[in-house]
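A short worksheet on the structure shown next.
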Amino acid sequence: MIPNRNFRYRATLRALAAVVGLAVALAEAAFAAELVVYSSRKEELIRPAIQAAEKALGVKVILYTAGAGELARRIELEKANPRGDVFIGTTAGFAELMREKGLLDTFTSPLLNEIPAEFRAPDNTWVPITARVRVLVYNTNLVKPQEAPKSYFDLVAPRWKGKASVASMGERTTVGWLAAILAVRGEDFTRKYVADLKANGLKVLKNNTEVRKAVAGGEYAIGITNHYYYLLQLQDDAKSPVGIVYPDQGPADMGTPVFSITAALIKGAKNAEAARSLLEFLLKPEGNRLLVEGEFEIPLLPGLHLPGAEKGIKGLGQFRRPALSQVQIAELEPKVERLFGSAMTP
Ligand SMILES: [Fe+2]
């Protein structure tokens, strides 16, 4: 009895080991077909484009979402054995830092020829997928359209004392906005501008969502924010009393800054080929449209529908923008954080 039982026990163990071994092998095979995307875009906004890519390319995408800074640190730590294949960022700042550290591989596509070169890394280690514009929003119950500020620099005037708000530098576009001013107007001017804004009661709120709500609610007459927050506010409540201004549009003005939303292939990616296909898919109209519509961004590729055009949103080429590349803006971001980090804290 006992030897027999022992035999059965050992046979069961062997069978179990075979099953476990098979499961491990299957898991490894499945892992090889999985593309790991590190994304600092909100998951719900990027999910439709990712799902369409999975279907079109026949790959499974593992989406890992965190802040761009955290992802950049993770990619650096994993440098010797990358776990991620694709990085999807917000503005160019962290992508440019990773390029400088040699953490990104090049990616080329004929579609990139249709996007002005200023929006990508010169060596194509990061590429733009969509863009956002830094505008002013105002409360139409408090400010008549003809009286709305036409320039960021109007906001230091007594007329706007205590009436303007902006998001903290936790929002990368606040950093990029000041970096663009620093690039065009220089350090002395920008230091004085920020000091004058603060002296005029500029309110620093936590994020852009707080800014759009504070403006719509009449708490602040003006908000310095991104164009799509105007659309998000109207999506929340179509009757919101909000207007939009593309500032600094005069012939001698700096123009309204535009920021690339970036994507990159991580150097040493285990699934580099599939990663390239994903990046290509995100640039093609089929995938790009989903990204643009996910957060009401503006397309960089010609011929795509512009969300909010009927509500006053302007596409690339329909307004004046600074003569700056994304690299020039990104390079000044650490300096902006150093100079204005404490002033731009809620
Ligand atoms: Fe945002």
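Identify all residues within segment 85-138 that are β-branched (Val, Ile, Thr) and either more than 17 Å from the chain's Cα centre (by Cα) or not in a strand (DSSP E or B) (or both); write none if there are none. Across segment 85-138, the qualifying residues are THR90, THR91, THR106, THR108, ILE115, THR125, VAL137. Of the residues making up segment 224-247, one or more are within 16 Å of the ligand (Cβ to nearest atom), not aliphatic (A, V, I, L, M) and not in a helix (DSSP H, G or I). Give segment 156-180 a look and list any residue that's more than 16 Å from the ligand (Cβ to nearest atom) and buried (at least 24 other Cβ atoms within 10 Å of the Cβ), or say none. Passing the criteria: ALA164, LEU178, ALA179, ALA180.
In the set (1) within 14 Å of ALA343 (Cβ to Cβ); (2) within 16 Å of the ligand (Cβ to nearest atom), the condition left unmet by LYS206 is number (1). For beta carbons closer than 7 Å, sequence separation of 6+ or different chains, a first residue in segment 120-146 that is at positive phi and in the same structural domain as PRO299 (by TED's automatic domain parsing) and a second that is in a loop (DSSP other than H, G, I, E, B) and buried (at least 21 other Cβ atoms within 10 Å of the Cβ), the qualifying pairs are ASN124/PHE107.
The values are calculated or read from the model by the stated rules, or taken from the named source; none is laboratory data. All values reported here derive from a predicted model rather than from experimental measurement. Counting neighbours? That spans all protein chains shown, and the Cβs are built from the backbone with ideal geometry, glycine included.
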